[in-house]
Amino acid sequence: MTNATLLAPMPATRADALSAAVSTDASLHLPAELTIYTVAEIRSAWLPWLTLQRSAPGTDAAVVDACAVDQVDTAGVQLLASLALALTPRRLQLLAPSEPLRSACQSLGLQALLAEHAANVAAGLAPNVAANEAHA
């Protein structure tokens, strides 16, 4: 494989989705598609964010906006679990996880990824996305 091949542009749909993954304010936003077809590209896009989070002083949580996920599979949830482990000793806090993401985590027995969001909803500190989706 040549350098030209390695630097070849991604298809527009993938590039657009991944360019929004790490925003200019250094926050991480999960893309709409978090599946086996996208995790390798997403992981590469997240590595600079992960490096920044590991060196950031202060807070013990790394907040990730999870409201846009509408397609997720086991590979996507596995990527999130790996991200959570890589952040140790900080913890991963999913902000407003979408219904498909909540369902996938619960189906795979990974409710721990959602625990902090559920606690914040119960305490009135985070919006109840499920209630908002029911009214839409």
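The values are calculated or read from the model by the stated rules, or taken from the named source; none is laboratory data. Remember, it's a predicted structure, so these values are computed and weren't measured experimentally. Note that each Cβ is placed from the backbone with ideal geometry, even for glycine, and that neighbours are counted across all protein chains shown. All accessible areas refer to the heavy atoms of the entire protein, side chains included, with ligands and DNA or RNA removed. Shrake-Rupley method; radii C 1.70, N 1.55, O 1.52, S 1.80 Å.
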task = Among what's in segment 47-72 and is open to solvent by less than 60 Å² (accessible area, probe 1.4 Å) and out of contact with any helix residue (DSSP H, G or I) (no Cβ under 7 Å at 6 or more places or on another chain), pick the residue that is modelled with the lowest pLDDT.
result = Ala56
remark   = The condition from (1) open to solvent by 20 Å² or more (accessible area, probe 1.4 Å); (2) closer than 19 Å to Pro31 by Cβ; (3) at pLDDT below 90; (4) not hydroxyl-bearing (Ser, Thr, Tyr) that Ala136 misses is numbered (2)
task = Starting from segment 30-46, take each residue that is more than 15 Å from Thr74 (Cα to Cα) and list its partners that are at pLDDT 95 or above and in a helix (DSSP H, G or I), counting only C-beta distances under 6 angstrom and pairs at least six apart or across chains.
result = none
query = Using beta carbons and a limit of 8 Å, which pairs, at least six apart or on different chains, have the first residue in segment 82-109 and free of Cβ contacts under 8 Å to residues at least 40 places away in the same chain and among the acidic types (Asp, Glu) and the second one open to solvent by 30 Å² or more (accessible area, probe 1.4 Å) and not in a loop (DSSP other than H, G, I, E, B)?
reply = Glu99/Ala130; Glu99/Glu133
task = Within segment 57-101, track down each residue that is at positive phi and either aliphatic (A, V, I, L, M) or under 12 Å from the mean Cα position of the chain (by Cα) (or both).
result = Ala96
